[in-house]
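The values are calculated or read from the model by the stated rules, or taken from the named source; none is laboratory data. Everything numeric here is computed off the predicted structure, so don't read it as measured data. As a convention, Cβ positions derive from the backbone with ideal geometry for all residues, glycine included, and neighbour counts pool all protein chains shown. SASA here: full protein model, heavy atoms, side chains in, ligands and nucleic acids out. Shrake-Rupley method; radii C 1.70, N 1.55, O 1.52, S 1.80 Å.
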Amino acid sequence: GWQVSMKSGSLSYILPCNRLPVQLMSQVRVYTSNGQKKDLGSEDTSGSARGETLHKVETGRQDTTNAGQKQSSPKQPIQVKVKAVLKKREYGPKYTQNNFITGVRAINEFCLKSSDLDQLRKIKRRSPHDDTETFTVYLRSDVEAKSLEVWGSPEALARERKRRKEAEIKYRENLFRNQRLLWEYKEFFGNTKPRSSTAAMFFKGPGKVVMVAICINGLNFFFKLLAWVYTGSASMFSEAIHSLADTCNQALLALGISQSARTPDPSHPYGFTNMRYIASLISGVGIFMMGAGLSWYHGIIGLLHPHPVESLLWAYCILAGSLVSEGATLLVAINEIRRSARAKGLSFYQYVVQSRDPSTNVVLLEDAAAVLSVAVAATCMGLTSLTGNPYYDSVGSLGVGTLLGTVSAFLIYTNTEALLGRSIEPEQLQRLTELLESDPVVRAIHDVKATDMGMSKVRFKAEVDFDGRVVTRSYLEKQDIEQLLQEIQQVKTLEELEAFMLKHGENIVDTLGAEVDRLEKDLKQRNPDVRHVDLEIL
């Protein structure tokens, strides 16, 4: 075989080698985005100048049997396949060159006039609002250039923004002062404006129930207080405190109803519907502290320091009248809940437990507790008058307090659950899910959340895996296929291919956005309880 001598320093090694010297030549072609190519030849000895170390290999003498043979290997070029790719574009951490901006934002943020925008390019885009299909936007770069043209420099624009900000603060201060003066004027001369829609809420539905309860409980408190002063009965005192707590709590409910009718604002984009639940929660706490607490306190004092009870005839008469009035209010609340439960397709029990209408629920439970407490107070007072033992009257006060504590605990629990944002019923959630999955453009949905925001208002959220083929076909169905084919045939260079893909790629994304809007609209139309829909593209 071949003998290879390798020299390293002053030592010499003789090693066997069966490999033949092979000369290789590779050629690499590099493509750029403009279609040009560069050829790089095979490496030569100039590579040693770039820092490569080459070992010299000396071939030994051939064996006598193979002396006449001459072996060599042909040159075999290595073929390298290189993909033609576009150069990655670096946009930087903040890129707003292609951003769109509405006319209102352009006027407010860049201190322009509406006449300044007439000279800019106008672009029609798909509207995010349900009441309009398209709206006009402007390129942010055009607006920024126009603002610099109008104001001369960024410093001048910043000074104008600061001046307008100070003027806005001063305007708000003057507006608050004028509103205060207007309120004082109305107080002095009277309000001659027609009845608003908020006032009309108290003449129907839950508002009517609350107003009836306020009037009846206020009268009951007055007469029960007179009976307690005349008789000194602990049970009658508990009944008077009970009616006072009901009156105050229902006044709080009326405030919650009026506040819940306020229109949404930038600080509260989803409205003030939860004000009813907040008022009901505070009402439950008030019943526990004022009603149950004072009743327990007066009952315990009566047990520790009993005193004889005076004639209970007037107390019985007042309790009978209270029973009739509280019963009438209870019937009004029951009829309202039955009507609302029937409209929602729920049973009476489900409607109450789910706290669909917190204001009516409070009136229902308070009046039910009032009727039962009247029965408890009358029974204990009767036992006291028959036996002459004042302890029965004190036990009646404790019984009324326990009843009020139970009602308040139920109200606190149900309204807290509603404020925390509980999920809707599984059957309703399943219907919404099936509606989405049955659409051809949807492949699958994940992370579905449907939250009851209160007063039968549902917020639905899901991550949707869209079928790109169906979306693209939906876009192609609206295009002229012959013209599209001609555009494809005219593509010859990478720049033309990039322009073609960017144009139709943006249109396909717009088509995807239109499909999202269509799905959201279908969900709202088929399920009126769904007020807010958030579909995220997966």
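According to a simple spin-label model (label point 7 Å from Cα along Cα-to-Cβ), what is the distance in nm between Ile508 and Tyr413?
5.5
Measuring from the lowest to the highest alpha carbon on each principal axis, how far does the stretch 198-420 reach, largest first, in angstroms?
Cα spread of the stretch 198-420 along its principal axes, largest to smallest: 63, 30, 28 Å.
According to a simple spin-label model (label point 7 Å from Cα along Cα-to-Cβ), what is the distance in nm between Asp467 and Ala444?
Between Ala444 and Asp467, the simple spin-label model gives 1.5 nm.
In Å², and per residue, what accessible area does the stretch 100-189 have when probed at 1.4 Å with the other protein chains present?
78
Can you tell me the FRET efficiency between Thr402 and Asp522 if r is taken as the Cβ-Cβ distance and R0 is 45 Å, rounded to the nearest 0.05?
About 0.30, to the nearest 0.05.
Charges only on Cβ, +1 for Lys and Arg, -1 for Asp and Glu: so what's the dipole of the stretch 396-516 about the Cα centre, in debye to the nearest 20? Walk me through the numbers on the way to the answer.
Working: 12 positive and 21 negative charges, 143 e Å.
About 680 debye.
If I take every Cα pair under 8 Å that is 6 or more residues apart in the stretch 426-537, average their sequence separation and divide by the length, what percent do I get for the relative contact order?
On the way: 111 pairs, mean separation 36.1, N = 112.
Contact order relative to length: 32 percent.
How fast does the stretch 426-537 diffuse by Stokes-Einstein, in µm²/s, taking the Kirkwood radius from C-alpha pairs at 20 °C and 1.002 mPa s?
Calculated translational D: 134 µm²/s.
Please state the relative contact order of the stretch 313-423 as a whole percent: Cα pairs under 8 Å, 6+ residues apart?
With pairs under 8 Å counted, the relative contact order is 26 percent.
What pairs in Lys478/Lys524; Lys208/Lys344; Lys449/Lys524; Lys124/Lys146; Lys122/Lys162 have C-alpha atoms more than 22 Å from each other?
Beyond 22 Å: Lys478/Lys524; Lys122/Lys162.
Quick one: what are the phi-derived ³J(HN,Hα) couplings along the stretch 375-381, Karplus 6.51/-1.76/1.60 with θ = phi - 60°, whole Hz, x for glycine and proline?
So the Karplus estimates, Gly and Pro as x, are 5, 5, 5, 5, 5, 5, 5 Hz.
Show me, for the stretch 110-117, the HN-Hα J-couplings you get by feeding each phi into the Karplus relation (A = 6.51, B = -1.76, C = 1.60, θ = phi - 60°), rounded to Hz, glycine and proline as x.
10, 6, 10, 9, 5, 5, 5, 7
Let me check against my output: what whole-number percent is the relative contact order of the stretch 100-189, with C-alpha pairs under 8 Å and at least 6 apart?
About 26 percent, as a whole number.
Can you list the HN-Hα couplings for the stretch 277-292, worked out from phi with the Karplus curve (6.51, -1.76, 1.60; θ = phi - 60°), rounded to whole Hz and with x for Gly and Pro?
With the stated coefficients, the stretch 277-292 comes to 5, 5, 5, 5, 5, 5, 4, x, 5, x, 4, 5, 6, 7, x, 5 Hz.
Among 517-525, 211-219, what's the highest-first ranking by average C-beta atoms within 10 angstrom per residue?
Working: 517-525: 15.2, 211-219: 20.7.
In decreasing order of mean packing, 517-525, 211-219 become 211-219, 517-525.
For a quick check: with amide H placed at 1.01 Å from N, whose amide H comes under 5 Å from Tyr270's, ignoring anything fewer than 5 positions away on the same chain?
Counting only residues 5 or more places away or on other chains, the set is empty.
Grab the beta carbon distance between Leu383 and Met289, set R0 = 41 Å, and tell me the FRET efficiency rounded to 0.05.
0.90
Work out the FRET efficiency for Ile301 and Val353 from their Cβ-Cβ distance, taking R0 = 41 Å, and round it to the nearest 0.05. Intermediate results must be reported in sequence, preceding the final value.
Details: r = 36 Å, r/R0 = 0.88.
Using R0 = 41 Å, I get an efficiency of 0.70.
Going by amide H atoms built from the backbone, whose H comes under 5 Å of the H on Val458, apart from near neighbours?
Residues meeting the amide H criterion: Met453, Val530, Arg531, His532.
Residues of the stretch 332-371: accessible area per residue at 1.4 Å, in Å²?
On a per-residue basis, the stretch 332-371 sits at 40 Å².
Rank by packing, highest mean first: peptides 370-380, 447-457, 478-488, with packing defined as the count of other Cβ atoms within 10 Å averaged across residues.
Put in order of decreasing packing, that is 370-380, 447-457, 478-488.
If you average the alpha carbon positions of the stretch 463-527 and of the stretch 315-355, how far apart do those two centres end up, in angstrom?
Result: 57 Å between the Cα centres.
Need the full-extension length gain, Phe100 to Phe135, defined as separation in residues times 0.36 nm minus the C-alpha distance. One decimal, nm.
11.4 nm
Out of residues 5 or more away from Val442 or on other chains, whose amide H comes under 5 Å of its own, with H placed 1.01 Å from N in the peptide plane?
Amide H to amide H, under 5 Å and 5 or more residues apart or across chains, Val442 pairs with Asp467.
First compute the accessible area of the stretch 297-362 with a 1.4 Å probe, then give the percent of it belonging to carbon and sulfur atoms. Let's see the in-between values first.
Working: 2440 of 3590 Å².
Of all accessible area on the stretch 297-362, carbon and sulfur atoms account for 68 percent.
Within the stretch 203-276, list the chymotrypsin sites (Phe, Trp or Tyr not before Pro) lying in a DSSP loop whose Cβ has at most 14 other Cβ atoms in a 10 Å radius.
Within the stretch 203-276, the qualifying chymotrypsin sites (Phe, Trp or Tyr not before Pro) (loop, at most 14 other Cβ atoms within 10 Å) are Tyr270.
Test of understanding: what is the full-extension gain from Thr263 to Glu109, defined as 0.36 nm times their sequence separation minus their Cα-Cα distance?
Once the chain is fully extended between Thr263 and Glu109, it gains 52.9 nm.
Express the accessible area of the stretch 262-324 per residue in Å², computed with a 1.4 Å probe while the remaining protein chains stay in the model.
The answer is 59 Å² per residue.
Could you work out how far apart the two model spin labels at Lys344 and Lys478 are, taking each label as a point 7 Å from the Cα in the direction of the beta carbon, and quote it in nm?
Inter-label distance under the simple model: 3.9 nm.
Using 0.36 nm per residue, how much length does the chain from Leu219 to Arg164 gain when fully extended, once their Cα-Cα distance is taken away? Before the final figure, lay out each step's value.
On the way: separation 55, 0.36 × 55 = 19.80 nm, distance 5.56 nm.
My answer for the length gained is 14.2 nm.
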